[in-house]
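Right, one structure below, let's go through it.
The values are calculated or read from the model by the stated rules, or taken from the named source; none is laboratory data. Predicted, not measured: the structure shown is a model, and the values here were computed from it. Ideal geometry is used to build each Cβ from the backbone, glycine not excepted, and the neighbour counts take in all protein chains shown. Side chains included, ligands, DNA and RNA excluded: accessible areas come from the protein's heavy atoms. Shrake-Rupley method; radii C 1.70, N 1.55, O 1.52, S 1.80 Å.
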Amino acid sequence: MIAVDVQAARVSRARQLGADEAIDSSAVDPVEVIRDLTQGKGVTCALDASGAPAARLAAVRSAARWGTVAFVGEGGDVTLDVSPDLIRKQLTVIGSYTFSIVGQAECARFSAQHGVDVDAIFSDRWTLEEAEAAYRDFDQQTGGKALIAP
């Protein structure tokens, strides 16, 4: 798995969570690095969960011929050069607002079968009483996934 982020702390966290490669896209062109890592082929599947236009474009441009790119979550535009970015690559692009119950069950099974330490994904935890501070922290976009629990 190749992880890409613009913040060094998140790149480091991706390595800790098991990424084979982690790219700091604030320092290098992630598409070039991914092309180098895959001997010019690109990745078969790419996922953008940031909503950032540059990240979405990089996901499309780092995808291999006949690959699939998923945009998850809200926000952000992306401007594509349709012929080279999509048509000539026979690329499939999908969007998802959320997982279905079936998709959630598949993720849970995958995590259990592969020993994914789900708790390690959460970098921050708050109580419900701390929700206001939690949302201030969320707006900084410097942590990983967060949990607010009673």
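Annotations for the structure displayed:
- Selection over segment 59-99 of residues that are open to solvent by 60 Å² or more (accessible area, probe 1.4 Å), assigned to a loop (DSSP other than H, G, I, E, B) and under 18 Å from C45 (Cβ atoms) gives a count of 2.
- Number of residues in segment 20-51 that are touching a Ser or Thr at 6+ places or on another chain (Cβ under 8 Å) and not in a loop (DSSP other than H, G, I, E, B) equals 9.
- Looking across V72, V93, one residue alone is within 13 Å of the chain's Cα centre (by Cα) and either farther than 19 Å from D29 by Cα or of a type in the set (G, A, S) (or both). It is V72.
- Of all residues in segment 101-126, those that are free of Cβ contacts under 8 Å to residues at least 60 places away in the same chain have Cβ atoms under 9 Å from Cβ atoms of residues that are assigned to a helix (DSSP H, G or I) and charged (D, E, K, R), 6 or more apart or on another chain, in D124/D137; W126/D137.
- Residue-level check: of (1) open to solvent by 100 Å² or more (accessible area, probe 1.4 Å); (2) under 22 Å from L17 (Cβ atoms), E129 misses just (2).
- Filtering segment 108-150 to residues that are at pLDDT 80 or above and assigned to a loop (DSSP other than H, G, I, E, B) leaves H114, G115, V116, D117.
- Test: residue in segment 11-29 that is over 28 Å from F122 (Cα atoms) and of a type outside the set (F, W, Y): no
- Residue satisfying all of: in segment 20-58; in contact with a strand residue (DSSP E or B) (Cβ under 8 Å, 6 or more places away or on another chain) and over 24 Å from G73 (Cα atoms); most open to solvent (accessible area, probe 1.4 Å) among these: K41
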